[in-house]
1. Rounded to whole Å, give me the distance from the Cα center of the stretch 87-127 to that of the stretch 183-240.
2. Can you tally the net charge around residue 58? Count Lys and Arg as +1, Asp and Glu as -1, for every other residue whose Cβ sits under 13 Å from the Cβ of residue 58.
3. Which entries of 18/204; 39/86; 18/193; 182/212; 41/193 have Cα-Cα distances beyond 25 Å here?
4. Order of 206, 52, 39 from fewest to most other C-beta atoms within 10 Å?
5. With a ≥ b ≥ c the root eigenvalues of the C-alpha gyration tensor of the stretch 132-251, is it rounded (a/c under 1.5), prolate (a/b larger than b/c) or oblate?
6. Using only the Cα atoms of the stretch 13-147, build the gyration tensor, take square roots of its eigenvalues as a ≥ b ≥ c, and label the shape rounded, prolate or oblate: rounded if a/c is under 1.5, else prolate if a/b is larger than b/c, else oblate.
7. Taking N as the number of residues in the chain, what is its alpha-carbon radius of gyration divided by 2.2 N^0.38 Å?
8. Please list 3J(HN,Hα) in residue order for the stretch 113-123, calculated via the Karplus relation 6.51 cos²θ - 1.76 cosθ + 1.60 where θ = phi - 60°; whole Hz, with x for glycine and proline.
Amino acid sequence: MMGTNTVTAQDLSLSFLKVKQYEQQLDDVMEIIDTTVLKHKLREVEEAYHDKPDEVNSARLGIIYHETALNLTFLSKSPFSGYARKSFNLLSSLADSPDTTKELLPFILSYRASALALAGAETKKFWLLGEAFSLFADAVNDYANISYLPEFLRGSVAENLPWIFFFKKRAANDDFQSIVDKYSINPRYANAKVMSFTYWALAKQKQAQREKSESFQYLEKAIMLDPHYEAGRARAEELKASLLKQEADKK
């Protein structure tokens, strides 16, 4: 189904090609792990939005606010507190507008849910997590068939929850595995950067002795897909070294 240009996401007929075109326009503001690059990109995106506040620049700004909250808000004495809420509010405005291009919605709704989860964590209002996962469920239901983002971001949030949310943490494995399954059918479903992060995340879920061999396979894939250390490679190499040390210590 995903090999054609049109994919049905529930009752919405979306162009797979157009979704991928928007993904290319948004890719440079998604999953930024270098905080220096992030701060520079934040200024760049804010300036572009000021000059031209169209829907794409609005989405880019909402996403870069999310990345700022994720990577910079939880530092001590951070000047970026409140960016998760700023991201949620901006993306909600886009989500609620009848004029927003439908192929942008997988990105807008997925990041909106994640931003609300970040806002809950930042403010210690953990009831917001329940609302965030409700938004994630809607995004997954409507768009996971055409975009990796709903499951990728839900899995990313779930795996980082405190242990008391163990039932949601376990579900992270299902989300990441679902992405791998779709990617194996259609390699256009997700790009190398996303799959590097996904394979690393799955490897973390499979550290039990009976799953170690599978974990190593995923780590090798995470490393191979990230030759320039822009995604999951560094973390995958760190986890691989740790698992190898555990194996050596047993001998």
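Here, each number is a calculation from the coordinates, and none is a lab measurement. Computed from a prediction, not measured in an experiment: that's the story for all the values here. Don't worry about glycine lacking a Cβ; one is built from the backbone with ideal geometry, like all the others, and counts go over all protein chains shown.
1. Cα centroid to Cα centroid, the span is 27 Å.
2. For residues surrounding residue 58, the net value is -2.
3. Values: 18/204 33 Å; 39/86 16 Å; 18/193 20 Å; 182/212 23 Å; 41/193 18 Å.
The pairs that break the limit, which is 25 Å between Cα atoms, are 18/204.
4. Lowest to highest Cβ neighbour count: 52, 39, 206.
5. It is oblate, given that a/c is not under 1.5 and a/b is not larger than b/c.
6. oblate
7. Against the empirical 2.2 N^0.38 Å value, I get 1.01 for the chain.
8. 4, 5, 4, 5, 4, 5, 4, x, 5, 5, 8
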